[in-house]
Amino acid sequence: MTGSFRIGIAGLGTVGVGVVRIVQDNAALLADRAGRAIEIVAVSSRDKSKDRGIDCSTYQWVDSAQDLAGMDLDVVVELIGGPEGLAHDLVTASLKNKKHVVTANKALLAHHGYALAGLAEQHNVTFSYEAAVAGGIPIIKAIREGLAANEIQSVCGILNGTCNYILSNMRETGRDFADVLQEAQDLGYAEADPAFDVGGTDTAHKLAILASLAFGIKPSFDHVHLRGIRALTSVDITFATELGYRIKLLGMAQQIDGQILQIVAPCLVPVDSALGGVEDVLNAVQVKGDFVDAPVFIGRGAGQEPTASAVVADIVDLARGIQIPSLAIPANKLKDLDFFDVNQRVGRYYIRMNVSDKPGVLADVSAILRDHNVSIEELIQRARDADKPVPVMMITHEAKYGDIAKSVALIEALESCAGKPCVMRIEDAL
Ligand code: HSE
């Protein structure tokens, strides 16, 4: 390895600017660690004239990011985002031109990770994506390398900083959803379209990547059972707190009877558990392996600095000459996902509904639950109002998710029920 390690950066948004800052500010230590200088040769972004607070004057400005694929570079850093279009075209062309690629693009990985990992191997280069999952936590490296000795039973995490920030802030301050979401956007945590955060898609992208690494399967976003946090209200946050839980949007992948279950859903997590105390923009991932028990990795999961830190770590690895199959094993050995049906999953559930405060209403609700073999462990109705619906909260004994879902659909259809009931699994085993 001689000469500098030449990089081109596509996309100078929040993360791209962070990468430039780290490469400039930490140039000497990066050179020591990589064994050679990391040199930004070219950058590309939409608006050349925009003031980004960084000096790009010594870099070649490339108007069309696609041109980076044909330049004399060791690595193309793709920070454009999105599963298709320019990002996909640039990554594909760069790998075909025998350039390493580093990206933070979880959507690209979740949808095309298998094909792109294979393409990289075919051209003897590496497709790296540490920044795509859990920002500054080196969770890709941890699962792919640090835990390589283990058969993994489950991966479970808080993978979206924006949602964790919203849920923590709503609980601590009593502010409403939209207000806190706006703040998360202002802080640079949220996706360009924050519906991806609060709808759970961003978590599902990340979960599909982690499940691929953990279980040797092709990333399979389409088989993530997906629910976001939009249906939650301050009433749910209050009930959860009273019961000794925190509400967390969890991404969970686990082996059950030789099949893999992938779920993204808001869950009740004990406040004193490893994930229950993880607040604000922090992410956390718990991995259960057969020889390592259940290590938990915690850190900042979104924002310019931690995400850029992960991007630069990938660049340093490549400059050192480290090449590992992108998805832990050669792409042609990855299996198709054999998925476990979420309806068969057994657990305790929280159900909150808003119902008329009239005689017979709870009898109707409990008849539906009885008919679906769902038994109630606890029921709370605090408010009293003859004129408008009041919240009623139930905790069930262990039940199949399919039975809970069918019951809740029938409860929602009752004339006495206003709006959509909120259902959350209780995760006591974290
Ligand atoms: N919008 C993402 C989050 C950014 O909030 O976690 C990091 O992927």
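What to note about this one:
- Amide hydrogen proximity for R345: with H placed 1.01 Å from N in the peptide plane, the residues at 5 or more positions away or on another chain lying under 5 Å are Y401, G402.
- Take every DSSP beta bridge whose two residues both sit in the chain; close to 65 percent of them are antiparallel.
- For the stretch 1-145, the relative contact order works out to 20 percent when only alpha carbon pairs closer than 8 Å and six or more residues apart are counted.
- For the chain, the relative contact order works out to 17 percent when only alpha carbon pairs closer than 8 Å and six or more residues apart are counted.
- Phi angles across the stretch 90-96 convert, under the Karplus curve 6.51 cos²θ - 1.76 cosθ + 1.60 with θ = phi - 60°, into 3J(HN,Hα) values of 5, 5, 4, 5, 5, 4, 4 Hz, Gly and Pro given as x.
- Restriction of the chymotrypsin sites (Phe, Trp or Tyr not before Pro) in the stretch 281-349 to DSSP coil positions whose beta-carbon has at most 11 other beta-carbons within 10 angstrom yields F291.
- Highest to lowest packing among 358-371, 221-234, scored as the average C-beta count within 10 Å: 221-234, 358-371
- For the stretch 107-262, fraction of C-alpha pairs farther apart than 18 Å, in %: 62 percent
- Around A386: net Lys/Arg minus Asp/Glu count, Cβ-Cβ under 11 Å: 0
- Mean sequence separation of contacting Cα pairs (under 8 Å, at least six apart), scaled by the length of the stretch 82-161, corresponds to a relative contact order of 27 percent.
- Debye intensity ratio I(q)/I(0), log10, the stretch 1-61, q values 0.14, 0.15 Å⁻¹ (C-alpha model): -0.39, -0.44
- Dipole magnitude of the chain, debye to nearest 20 (Cβ charges: Lys/Arg +1, Asp/Glu -1, about Cα centre): 440 debye
- Size of charge dipole - the stretch 40-149 - debye, nearest 20, with Cβ of Lys, Arg +1 and Asp, Glu -1, no other charges: 180 debye
- Scattering curve values for the stretch 110-193, log₁₀ I(q)/I(0), Debye with Cα scatterers, q = 0.10 Å⁻¹: -0.41
- The spacing between the stretch 116-158 and the stretch 343-360, judged by their C-alpha centroids, is 38 Å.
- Cα-derived Rg over Rh, computed across the chain with Rh taken as Kirkwood radius: 1.03
- GNM result for the chain, Cα springs below 10 Å: residue of L95, L30, L249 fluctuating most strongly: L30
- Label-reachable residues, the stretch 368-409, where backbone N falls under 14 Å from a point 7 Å from K358's Cα toward its Cβ: 385-390
- For the options K288, K48, K400, a Gaussian network treatment of the chain with springs between C-alpha atoms closer than 10 Å singles out K48 as fluctuating the most.
- For the stretch 182-329, the equivalent ellipsoid built from the Cα gyration tensor has semi-axes of 27, 21, 16 Å, listed from largest to smallest.
- Projecting the Cα atoms of F177, V62, V264 onto the charge dipole of the chain, computed from C-beta unit charges around the Cα centre, puts V62 farthest toward the positive end.
- Of the cross-linked pairs K358/K420; K99/K335; K106/K248; K50/K98; K99/K288; K288/K335, those separated by over 24 Å at the C-alpha level are K99/K335; K50/K98; K99/K288.
- Within the chain, helix-based [θ] at 222 nm, where runs of 4 or more DSSP H residues each add -39,500 (n - 2.57), nearest 500: -10000 deg cm²/dmol
- With K and R counted +1 and D and E -1, the other residues having a Cβ less than 14 Å from that of N354 yield a net charge of 0.
- Cut-off under 5 Å, modelled amide H: who pairs with H225 long-range: Q262, I263, V264
- Note that the stretch 346-361 has calculated 3J(HN,Hα) couplings of 9, x, 8, 10, 9, 10, 10, 10, 9, 10, 5, 8, 10, x, x, 5 Hz, one per residue in order, obtained from phi through the Karplus relation 6.51 cos²θ - 1.76 cosθ + 1.60 (θ = phi - 60°); glycine and proline are x.
- Projecting the Cα atoms of Y165, N105, I380 onto the charge dipole of the chain (Cβ charges, centred on the Cα centre) puts N105 farthest toward the positive pole.
- For the stretch 262-404, the Cβ-based charge dipole about the Cα centre amounts to some 120 debye (Lys, Arg positive; Asp, Glu negative; other atoms uncharged).
FYI, it's all coordinate maths here, none of it is from the lab. Here the structure is a predicted model, which is why all the values come from computation and not from measurement. Glycine gets a Cβ as well: all are built from the backbone with ideal geometry, and neighbour counts include every protein chain shown.
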